[in-house]
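The values are calculated or read from the model by the stated rules, or taken from the named source; none is laboratory data. Note that the structure is a prediction, hence the values are computed from the model and not measured. Please note: Cβ atoms are built from the backbone with ideal geometry, for glycine as well, and neighbour counts cover all protein chains shown. For accessibility, only protein heavy atoms count, side chains too; no ligands or nucleic acids. Shrake-Rupley method; radii C 1.70, N 1.55, O 1.52, S 1.80 Å.
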Amino acid sequence: MAEAQAREPDSERLVGQEAEAGESGLEHPSEYLVVTDFPGELTDADLATWQEHVPDIQDVEIPSSADDYQQPALFYAPEGEEERPLLLVLHSWSTDYQQNIDIPLAEFAVANDWAFIHPDFRGANDGRPESTASELVISDMEDALEYARENASVDESRIYLLGYSGGAMNALHLASRQPDTFAGVAAWVPVYDLVSWHAWHEGSAEDYAEQIEGACGGVPEEGSEAHDECVQRSPKAHVPDAAGEMRVVIAHGIHDDLVPVDQALHAYNDLVEEEARLSQEQIEAIEENREVPDELVERSLHQEREYPHFDAAEASVLLHLQSGPAELVLFDGEHDMLYRPGLEWLAKQERE
């Protein structure tokens, strides 16, 4: 496949905009602004709730190209032959393709006449070796993308990828393997390095460390096969190969205690030129103090721009950096995804 070139960003293509909210012409039918405000638990997943909010959604099965698995997915194709944008959304770590918190994203797609697909890619990351960014997971995501292309009239210059938490981890995986496919990638509070994230949760009340061990074949100690497996299952092993090619915004709440903010900062560093990177001292200061050092504030774009969708969600932008096609946004929040700014940013991206 010939590599498509991302257009250079301009003032109308960034997360922060001079225009007031609503001037984009996009419809945001959901009243919810942040995933943590959506009714129920983050891991709630049931088809009836989807069908109540998105009556046109289809529950489909996609034959695996890797084995005899039939991958379930939720899919919407606009009527007519006109080519439309495609939004591929990936569920988070502990649940499956019916994850309810992604319903507002589907409502947005339907309201704006976009195609939409929400695949399962082997379900929750619950310790099964076939889960957690395995090669089967990668294959499933690629199969879902091809299914949408084959069953909807898709504008190939406007294919978008979005993920939250574990979904952001897999979004970075998929985009790093075919950066010429996606016009834009929105990664919210991503898990970037499974080895360091395992260490973060080792001994905690959460099950993430044990789930990583189950998927990778043991404790990822340096020099072990489990360590090598965890490295290969981490976006960190693949994202640097797509540096300068992947148009992506990485957004992270500075007070996140579930996925520490350094995961996003290292992801951004691996996507940009050396002179644009954050130093290790700056990364440590942000993580320890939960504030942005003055020398980074001086580099930030946020002091000269307005962020109406972040402000409406009471999640003020604290840092906005951009180098080439990669952007980093730190906001006043925890383990959160804000629906509207990510969708607005994606809608402005288009490949030539």
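Leaving ligands, DNA and RNA out of it, work out the accessible area of Asp270 with a 1.4 Å probe and give it in Å² to the nearest 10.
40 Å²
Expected output is a single nm value to one decimal: the length gained when fully extending between Asp180 and Leu47, i.e. 0.36 nm times separation in residues minus the C-alpha distance. What is it?
Result: 44.6 nm gained on full extension.
Run the simple label-point estimate for Gln232 and Glu210 please: 7 Å along Cα→C-beta, distance reported in nm.
Taking the two extended label points, one gets 2.6 nm.
Evaluate the charge dipole of the range 188-311 about its Cα centre and quote only its size in Debye, nearest 20, assuming +1 on the Cβ of each Lys and Arg and -1 on the Cβ of each Asp and Glu.
Once rounded to the nearest 20, the dipole reads 460 debye.
Hey, how many Å between the Cα centroid of the range 231-251 and the Cα centroid of the range 23-88?
Each part reduced to its Cα centre gives a spacing of 25 Å.
Below 8 Å, C-alpha to C-alpha, sequence gap of six or more: please give me the relative contact order for the range 268-340 in percent.
With pairs under 8 Å counted, the relative contact order is 26 percent.
Using the Cα atoms as the points, what is the convex hull volume per residue of the range 157-287 in Å³?
110 Å³
Over the range 53-184, what is the relative contact order in percent, taking alpha-carbon pairs closer than 8 angstrom and at least six residues apart?
29 percent
With +1 assigned to the C-beta of every Lys and Arg and -1 to the C-beta of every Asp and Glu, and no other charges, what is the dipole magnitude of the range 73-218 about the Cα centre in debye, to the nearest 20?
260 debye
Need one value: the accessible area of Val34 in square angstrom, 1.4 angstrom probe, rounded to the nearest 10.
Surface accessible to solvent at Val34 totals approximately 10 Å².
For the chain, report the accessible area per residue in Å² (1.4 Å probe, heavy atoms, rounded to an integer).
With the other protein chains kept in place, the chain gives 40 Å² per residue.
Between Arg290 and Asp37, what FRET efficiency comes out of the Förster formula 1/(1 + (r/R0)^6) with R0 = 22 Å and r the beta carbon distance, rounded to 0.05?
0.50
Quick check: with the 1.4 Å probe, what order do Glu61, Glu81 take by accessible area, largest first?
Listed by decreasing accessible area, they come as Glu81, Glu61.
Just the number, please: Stokes-Einstein D of the range 31-184 in µm²/s, Kirkwood Rh from C-alpha pairs, 20 °C, 1.002 mPa s.
139 µm²/s
Please compute the contact order of the range 142-253 in relative form: average sequence separation of alpha-carbon pairs under 8 Å and at least six residues apart, divided by the residue count, as a percent.
30 percent
Tell me which residues come under 5 Å, amide H to amide H, from Phe331 once H is placed; ignore anything under 5 positions away on its chain.
Under 5 Å from the amide H of Phe331 lie the amide H atoms of His252, Gly253, Ile254, Leu318, each far enough along the sequence or on another chain.
Can you give the Kirkwood hydrodynamic radius of the range 150-223 from its Cα pairs, in Å with one decimal?
After inverting the pairwise mean of 1/r, the radius is 14.2 Å.
Average projected area of the Cα convex hull of the chain, in nm²?
16.8 nm²
Highest first, please rank the peptides 100-107, 310-317 by the mean number of other Cβ atoms sitting within 10 Å of their residues.
Averaged packing, sorted descending, gives the order 100-107, 310-317.
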